[in-house]
Amino acid sequence: MRVLAAMSGGVDSAVAAALAAEAGHDVTGVHLALAKNPQTYRSGARGCCTLEDSRDARRAADVIGIPFYVWDMVEEFQEDVVDDFVAEYAAGRTPNPCLRCNEKIKFHAVLERALALGFDAVVTGHHARLGADGLLRRSVDAGKDQSYVLGVLNSHQLAKSMFPLGGYTKEQVRELAAARGLGVAGKPDSHDICFIADGDTQGFLAARLGSSPGDIVDSETGEVVGAHDGAYQYTIGQRKGLSIGRPAPDGKPRYVLSITPVTNTVTVGPRAALEVSTVTGDRALWLAPSPGGAVQVQLRAHGEVHDAQVSVVDDEIIAVLGKPALGIAPGQTMVVYQPDPAGDIVLGSATISAAR
Amino acid sequence: MVYFDHAATTPMLPEVVEAYAAAAATGGNASALHCSGRAARRLVEESRERVAAALGARPGEVVFTGGGTESDNLAVKGIFWARRAADPARTRIVASAVEHKAVLDTVEWLERHEGAKVAWLPVDELCRVHEEDLELALTDDVAVTTIMWANNEVGTVQPVAALAAVSAAAGVPFHTDAVQAIGQLPVDFAASGASALTLSGHKLGGPVGVGALLLGRDVAVTPLLHGGGQERDVRSGTLDVAGISAFALAVELAVQRRTAFAAQLAALRDELVERVQAAVPCALLNGDPGDRLPANAHFSFPGCEGDALLMLLDAQGIECSTGSACNAGVAQPSHVLLAMGADDARARSSLRFTLGHSSARTDIDALVAALPTAVERARRAGKIRR
Ligand SMILES: Cc1ncc(COP(=O)(O)O)c(C=O)c1O
């Protein structure tokens, strides 16, 4: 097959490209230029868009012996990931930009362009298994599993994707890289949000959303107990930094329970009120014929897994959790898994709209 | 493999490789006073004479450099600084909008860091600079004019002698980047009226990393490199004897063979243009259809992105270029096409095919066989978004 390897400059995508080439595919490497001013990303979080990463990707492609190009996805990334990230916060939700990038950039803009150009599939270095059965499963490396951020891919996207790393642990991937003479074998993993170089998400949002003062309200008494400078600066479940003047009547700490953009209100209350047992998501994507037996849901990246009873109604997924979850924010993605000895299977996903 | 990128670099001629190897095996520091130093110096000075003779310059006007980029920097910065030192009011640079990056970025650097003012000369839709525009731009604060002999992207040849005369009449030194012209067009430094002329080895069958600036003897330049005072004190550094002698041979051969070579390439190029337009009727030829480099064909393919086409052709073993610079690997819309009045889409949709001594008709066969599918796919990809 003619496959396009998306190469970030990290060890995972380099090894994925190498494995695809060794499997006999005709592989072309592509690095995605995502940042408007890549120089400014050279220090700080080693994400996906520094010039150094681009050079690392090119060097890896040369070592593997495949052609390499840089694709300009700056505009798409800005609109679909960065602007979306800011807009979601402004709307009182908590987005996951990596997931959005997979959905809109890597497995949409890049994939569709690749298909139009005559490629058969896109290969990436995600830690997830995608076998001949077409089912997306968790990686053998539970700690590195990325099936959650791929849970938004539909069956067309999955049918045109290859994830060669799902059967390897991260340690093994580094060994594979070293054995192939890939200089990125020891390169540190990227963390954080790649387009926020200094890791200061609050500062990034503040620069874009500005100051927008509003009330902090107690959920039980309805009283205004404090003031904020922008509701986007709060996340559900947050306890620190609320600067509430007066103590709660019961003397217990207060947590952010919800954010209401229309009234620009941050509602706080006791920890018990953070517990939710029913999670509803819209923009549902359902890959399985029907939800059967005991399923599990994961409500955030690297988050806890909950046993749940799930029903799919039109565009919605409703999950009744076995045990309550804490601090679930609208905007996060719920991914539904079918436990399986050969790797838990992704059944579907939805964007959380309500949690009670 | 089919190589259509001779304007980016062209393979060294076999004779030149031989000359390079022979000189490299001999060694010697041309500044040394002993026997091997004298032998090295003799090679360098003979090379200088050969380059001068081939290009209508005097030996004393040949300054060997590390290539086209260095020669452009030396000419533009060096003359700007020297002229401004002599007359602080002279702080303006006149440059065409379609210069190679080696000139463009140098001018912009002087603007940002040295307080230079810049008059960018427009070009018409065929990429030609007009004398009247130059005349208008030559205010009495101009330090230097720089206009390339032939454009490296679209191949348009400028009326250099006429432009140089206009500049000279205003008393302003005229530099021309002739990197793409040597070996394809008749270039005579004295007859051109230019004060400084850039040439580069690897575009004409010589080695990479060696070139020259032809510099009129009365033209003052401030050096960029200080040190041992080699090359009229203009360009310090131990001379690359092997590189220089190979370069000189390449220049000599390129000039000797030029008439036949240019005629042969022009015929092949005309066939390429005709057959590309027959295979892909929407292909638009950019640049001056008549007054262009014989080795250059440059097209826009509406609806396609040049870099997508380049990738698809590369996968078929056909090597060409978008012709324009890229920024961290990301293709930029060509500043040359934009200056010619093209819109952003057309400026991104171009491909350059440049011929050289290894080119053959079978190359064109391979190109027209692969091109229609590539264009169709690139057009499909171009529709997806943007
Ligand atoms: C018109 C022109 N000027 C300058 C240069 C730079 O020459 P060099 O590669 O020798 O530095 C080139 C080559 O890309 C060129 O085409």
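The values are calculated or read from the model by the stated rules, or taken from the named source; none is laboratory data. On a predicted model such as this, the values are computed, not experimentally measured, just so you know. Neighbour counts are summed over all protein chains in view; Cβ atoms, including those assigned to glycine, are modelled from backbone coordinates with ideal geometry.
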Residues of segment B:1-56 that turn out to be over 29 Å from B:W149 (Cβ atoms) and assigned to a loop (DSSP other than H, G, I, E, B), as a count: 9
Filtered residues of segment B:309-334 (kept if under 10 Å from B:R348 (Cα atoms) and either in contact (Cβ under 8 Å) with a residue 24 or more places away in the chain or away from every other protein chain (no Cβ under 13 Å) (or both)): B:T322, B:S324, B:A331, B:S334
The one condition in (1) within 11 Å of chain B (Cβ to nearest Cβ); (2) closer than 21 Å to A:H126 by Cβ; (3) surrounded by fewer than 21 Cβ atoms within 10 Å (Cβ to Cβ) that A:R100 fails to fulfil: (1)
Residues satisfying the stated conditions in segment B:346-370, i.e. surrounded by fewer than 24 Cβ atoms within 10 Å (Cβ to Cβ) and either within 14 Å of chain A (Cβ to nearest Cβ) or not in a helix (DSSP H, G or I) (or both): B:A347, B:G356, B:H357, B:S358, B:S359, B:A360, B:A370
Verdict on B:D188 being away from every other protein chain (no Cβ under 14 Å), under 26 Å from B:A246 (Cα atoms) and within 16 Å of the ligand (Cβ to nearest atom): no
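Residues to consider are B:A242, B:A246; find the one that is within 16 Å of the ligand (Cβ to nearest atom), among the small types (G, A, S) and assigned by TED's automatic domain parsing to the domain that holds B:R58.
Numbers: B:A242 fails: within 16 Å of the ligand (Cβ to nearest atom).
Going through B:A242, B:A246 in turn, the sole match is B:A246.
Each row is one residue, and each column tells you yes or no for (1) more than 18 Å from A:V11 (Cβ to Cβ); (2) touching a strand residue (DSSP E or B) at 6+ places or on another chain (Cβ under 8 Å); (3) among the charged types (D, E, K, R).
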residue	(1), (2), (3)
A:E75	yes, no, yes
A:D80	yes, no, yes
A:G92	yes, yes, no
A:P95	yes, no, no
A:A109	yes, no, no
A:A116	yes, no, no
A:D120	yes, yes, yes
A:V123	no, yes, no
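Residue by residue, here is whether (1) in contact (Cβ under 8 Å) with a residue 24 or more places away in the chain; (2) buried (at least 21 other Cβ atoms within 10 Å of the Cβ); (3) within 13 Å of the ligand (Cβ to nearest atom) holds:
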{"site": "B:P159", "(1), (2), (3)": "yes, no, no"}
{"site": "B:A164", "(1), (2), (3)": "yes, yes, no"}
{"site": "B:P173", "(1), (2), (3)": "yes, yes, no"}
{"site": "B:T176", "(1), (2), (3)": "yes, yes, yes"}
{"site": "B:S195", "(1), (2), (3)": "yes, yes, no"}
{"site": "B:L204", "(1), (2), (3)": "yes, yes, yes"}
{"site": "B:T222", "(1), (2), (3)": "yes, no, no"}
Segment A:141-182 - residue that is of a type in the set (V, I, T) and assigned to a helix (DSSP H, G or I) and, of those, nearest to A:G65 (Cα to Cα): A:V173
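Quick check, is B:V98 part of a helix (DSSP H, G or I) and either within 16 Å of the ligand (Cβ to nearest atom) or surrounded by fewer than 21 Cβ atoms within 10 Å (Cβ to Cβ) (or both)? So that I can check it myself, show each step before the final result.
Values: part of a helix (DSSP H, G or I): no; either within 16 Å of the ligand (Cβ to nearest atom) or surrounded by fewer than 21 Cβ atoms within 10 Å (Cβ to Cβ) (or both): yes.
Answer is no for this residue.
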